[in-house]
Amino acid sequence: MNKRKKIATYIILTIVSFISIFPLYYMICSATNKSVDVVCGRLLPGTELANNFKNLIDQYNVGGAMINSFKYALLLTFISLVVCSLAGYGFEIYHDKGKDFLMSVILLAMMVPFAATMIPLYQMFAKAKLLNTAIGFILPTISTPFLIMMFRQSARSFPHDIIEAARIDGLNEFQIFFRMFVPTMKSTYAAAMTITFMNAWNNYLWPKVIMTSKESITMPMLVANLKEGYVTDYGMLMLAVFLCTIPTAVIFFILQKSFTEGITGAVK
């Protein structure tokens, strides 16, 4: 009976794995085929990868879009980790009567859809002359309620006795944070970095609104532009989607173990 259960389990896992990986396989195969073959549903790799890549490079500024996406995503990730970790650490370590009320207000912000604040934000940034700038891209999402809550939950497992001992030894609050808290919470930082980088890289709506020049285009915006016009080259489109997917996939696979540990530690 146990052998039958194992066989059934492996069969189910194999089917689920195939269903999960099939879109990635189809995307890679489509990137190597002509547009006609993609429309016809060809599931075998083709020989048009070089032509699709050449057409993509010739017609669109892929290099500039990649550089912009990396620049904005890395800058946002770094600043967001510093700000949110400081906020989460402060909410948990320092006690104040209004702290829990303020945290509740911050969490309520998660219920407000971004589309509801997009137009006022655009008007503010336009008046401040921050259109087509890195500051305009990262400023609305530097601090997120989810990351603050995540770091606060992680700070609960940080021993308070160590903090008191460090204060007696003469360390100030920033030294305690950067020398002791940050190295201890490496897995939490890895999980937060993965989430923040992926969200920043895949962000489309706000960059579409705030980045109005061709020089400021990002990879998701470039992929969306490939569908404009009367005819869509689906082979070239799938290649662009594949190129846009590679950075986030690499980041996730590198930090997969730390990501799992960080998420688990934040929930406990």
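The values are calculated or read from the model by the stated rules, or taken from the named source; none is laboratory data. All values derive from a computational prediction rather than experimental measurement. As a convention, Cβ positions derive from the backbone with ideal geometry for all residues, glycine included, and neighbour counts pool all protein chains shown. Each accessible area value is taken on the protein alone, full model and side chains, heavy atoms only, with ligands, DNA and RNA left out. Shrake-Rupley method; radii C 1.70, N 1.55, O 1.52, S 1.80 Å.
Quick notes on this one:
- Among the trypsin sites (Lys or Arg not before Pro) within segment 14-54, not one is in coil by DSSP while having at most 11 neighbouring Cβ atoms inside 10 Å.
- Most mobile of V241, V105, V82 in a GNM of the chain (Cα contacts under 10 Å): V105
- Sequence-distant residues sharing a close amide H with T133 (under 5 Å, placed H): none
- The chain: angle of helix 234-254 to the longest principal axis, Cα-based, in degrees nearest 10: 30 degrees
- Net charge contributed by nearby residues that have their C-beta within less than 13 Å of G170 (K/R +1, D/E -1): -1
- Average accessible surface area per residue within the chain, 1.4 Å rolling probe, Å²: 60 Å²
- Helix axis angle, 2-31 relative to the chain longest principal axis, alpha carbon, degrees: 70 degrees
- Each part reduced to its alpha carbon centroid, segment 192-268 and segment 88-119 end up 27 Å apart.
- Backbone phi angles across segment 137-146, fed through the Karplus curve with coefficients 6.51, -1.76 and 1.60 (θ = phi - 60°), yield HN-Hα couplings of 6, 8, 4, x, 10, 4, 10, 10, x, 5 Hz in residue order; Gly and Pro are listed as x.
- Accessible carbon and sulfur surface of the chain relative to its total accessible area, %, 1.4 Å: 68 percent
- Every helix of 4 or more DSSP H residues in the chain counts as -39500 (n - 2.57), and over all residues that averages to -23000 deg cm²/dmol at 222 nm.
- Cα gyration tensor shape of segment 12-81, rounded if a/c is under 1.5, else prolate or oblate by comparing a/b with b/c: oblate
- Residue by residue, segment 122-133 carries 3J(HN,Hα) couplings of 4, 4, 5, 6, 5, 5, 7, 6, 10, 5, 6, 10 Hz when phi is fed to the Karplus relation 6.51 cos²θ - 1.76 cosθ + 1.60 (θ = phi - 60°); x denotes Gly or Pro.
- Nearest-20 debye value, the chain charge dipole, Cβ charges on Lys, Arg, Asp, Glu: 620 debye
- Global geometry of segment 1-139, whether rounded, prolate or oblate, following the gyration tensor of its Cα atoms and the 1.5 cut on a/c: oblate
- Here the Karplus curve 6.51 cos²θ - 1.76 cosθ + 1.60, taken at θ = phi - 60°, turns the phi angles of segment 89-96 into couplings of 4, x, 4, 8, 7, 9, 9, 7 Hz, with x standing for Gly and Pro.
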